[in-house]
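Presented below is the structure to which this report refers.
A short reminder: the numbers here are calculations on the coordinates, not readings from a lab. Small disclaimer: the values here were computed from a predicted structure and weren't measured. Every residue, glycine among them, receives a Cβ derived from its backbone with ideal geometry; neighbour counts consider all protein chains shown.
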Amino acid sequence: MEIQKQNLVKATEVENTRQVMLFNQAEIDQRYGYRALKRLFDIVASLVGLVLLSPLFLVVAILIKTDDPVGSVFYSQTRLGLKQHKFKMYKFRSMCTNADEKLKNLLAYNEVEGAMFKMKEDPRITRVGKFIRKYSIDELPQLWNVLVGDMTLVGPRPPLEREIKEYTDYDWQRLMVKPGCTGLWQVSGRNSIGFHEMVELDLKYIRKSSLVYDLGILFRTVKIMIMPNDAY
């Protein structure tokens with residue numbers, strides 16, 4: 001009984017904390033120097049990355065078409081970015097061609113709590129898809145999103161429109177900055193972390209964000225791509 005009371009108190013404290021707004025959009029927008037340097041770094045790094053990785057892109061494209069000749073190489077999905085800006089986010093296609101249509105029948109098997117969907121043995125994933133998702137290769141086309149300015153290299157992951165319907169005002173704070181290809185969530189456990197924990201990591205990133213902090217996350221991301229964690 002005592003343990004149950006302690007757990008209830010702890011849960012209440014966490015919920016109360018989640019009612020406190022941490023950021024003001026105007027204050028974030030006024031970080032002109034950091035935002036300018038971050039954008040310059042994004043442009044240079046994404047452009048260099050697209051050029052250097054073009055041979056890998058070609059190999060992955062051939063593998064995807066060999067595995068599933070009917071489907072396209074790339075997959076685009078409408079996401080929400082800074083201040084609810086809608087944009088098309090690009091990936092290498094890792095699922096069957098009618099994956100979105102099949103999703104409604106799989107929602108009951110969601111293995112992550114909160115406003116997002118993850119399923120370890122997702123039947124929609126192709127053979128090549130399993131490999132490129134494990135090593136996060138499927139995410140590389142987002143370098144184009146970074147180059148054109150819809151995304152940044154490091155930041156909170158952009159949510160789907162259906163996911164934000166479950167957001168609280170507290171959760172909305174993660175959309176006060178431009179979304180990223182990688183972030184604290186990806187380098188801190190990814191699929192083993194629930195939605196609320198992901199939000200807390202995103203807000204921690206916003207609070208501590210700097211070019212040095214971004215570089216640290218990028219280095220950790222490269223390490224995880226070489227030695228994958230639990231990505232699926």
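Figures for the structure shown
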{"quantity": "Residues Arg220 and Phe117, FRET efficiency given R0 of 25 Å [Cβ-Cβ distance, rounded to 0.05]", "calculated": "0.50"}
{"quantity": "Local net charge near Lys86, Cβ-Cβ under 14 Å (Lys/Arg +1, Asp/Glu -1)", "calculated": "+2"}
{"quantity": "Gain on full stretching of the segment that runs from Cys96 to Val51 - 0.36 nm per residue minus C-alpha separation", "calculated": "13.4 nm"}
{"quantity": "Euclidean distance between Cα centres, segment 82-98 to segment 145-201, Å", "calculated": "14"}
{"quantity": "Derived scalar couplings ³J(HN,Hα) [segment 171-180; Karplus, 6.51 cos²θ - 1.76 cosθ + 1.60; whole Hz; x for Gly, Pro]", "calculated": "5, 4, 4, 5, 9, 7, 10, 5, x, x"}
{"quantity": "Packing rank of 134-140, 180-186, where each peptide gets the mean count of other beta carbons within 10 Å, highest leading", "calculated": "180-186, 134-140"}
{"quantity": "Mean Cβ count within 10 Å, highest first, over the residues of peptides 89-100, 201-212", "calculated": "89-100, 201-212"}
{"quantity": "Burial ranking of peptide ranges 155-163, 220-228 (average Cβ count within 10 Å, highest at the top)", "calculated": "155-163, 220-228"}
